[in-house]
C-alpha cells in the first residue's frame with residue numbers, strides 16, 4: 001500500500017520523466033478540487049498527501065535502498081496541488097494560462113531546487129523526500145498569486 005501511494009498509483013514507474021508526469025496528472029485533479037470544493041479542499045488534499053507521503057515515501061525508500069527513489073512521485077503530486085492554490089481566489093479557475101504557469105513554475109523550482117529548497121532534501125527519510133517539493137509548491141503559489149494579483153497572467 002505504501003509503495004503504491006508513493007509511486008502515485010504506479011505513475012512513478014513511467015520510464016521517462018515520472019515526476020513531470022505526476023505533476024501533469026495532478027493538474028486535472030487540482031482543477032477538480034478547486035472547482036468542486038474551492039481552495040480549502042485543495043489545501044486539505046495537498047496537506048493530507050504530504051502527511052501520508054512522508055510515511056509512504058519513507059517506506060518506499062527503505063524498500064528500494066535509495067534515499068530518494070525517482071519512482072517516488074507523491075511529492076510532486078502534493079507540491080503541484082499546493083502550487084495551484086492561488087488560482088481560485090483570483091477567480092481564474094478556468095484560466096488555462098494560470099494553470100500552465102502553476103505547472104511550469106512548480107517544475108522549475110522542483111528541478112532547479114534553489115536555496116533554501118535544496119537544503120530540505122537533507123532532512124531524514126520521507127520528510128526530506130516530501131519537504132523540498134512542498135516548499136517548491138509553496139514558492140510557486142506565492143509567485144503565482146503575485147502574477148495574478150498584478151495582472152501579469
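The values are calculated or read from the model by the stated rules, or taken from the named source; none is laboratory data. What you are looking at is a predicted structure, and each value in this text was computed from that prediction instead of being measured. Reconstructed Cβ throughout: ideal geometry from the backbone, glycine too, with neighbour counts over all protein chains shown.
Quick look at the numbers
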quantity	calculated
Enumeration of residues in the range 35-88 that are within 15 Å of residue 138 (Cα to Cα), in a helix (DSSP H, G or I) and under 10 Å from the mean Cα position of the chain (by Cα)	46, 49, 50, 75, 76, 77, 78, 79, 80, 81, 82, 83
Any hit, the range 8-20, residues being surrounded by 23 or more Cβ atoms within 10 Å (Cβ to Cβ), more than 19 Å from residue 139 (Cβ to Cβ), in contact (Cβ under 8 Å) with a residue 24 or more places away in the chain and within 13 Å of the chain's Cα centre (by Cα)	yes
Filter result for residue 23 (buried (at least 16 other Cβ atoms within 10 Å of the Cβ) and modelled with pLDDT of 95 or more)	yes
Selection from the range 119-153 of residues that are in a helix (DSSP H, G or I) and over 20 Å from residue 22 (Cβ atoms)	119, 142, 143, 145, 146, 147, 148, 149
Test: residue in the range 89-100 that is free of Cβ contacts under 8 Å to residues at least 24 places away in the same chain, in a helix (DSSP H, G or I) and within 16 Å of residue 5 (Cβ to Cβ)	no
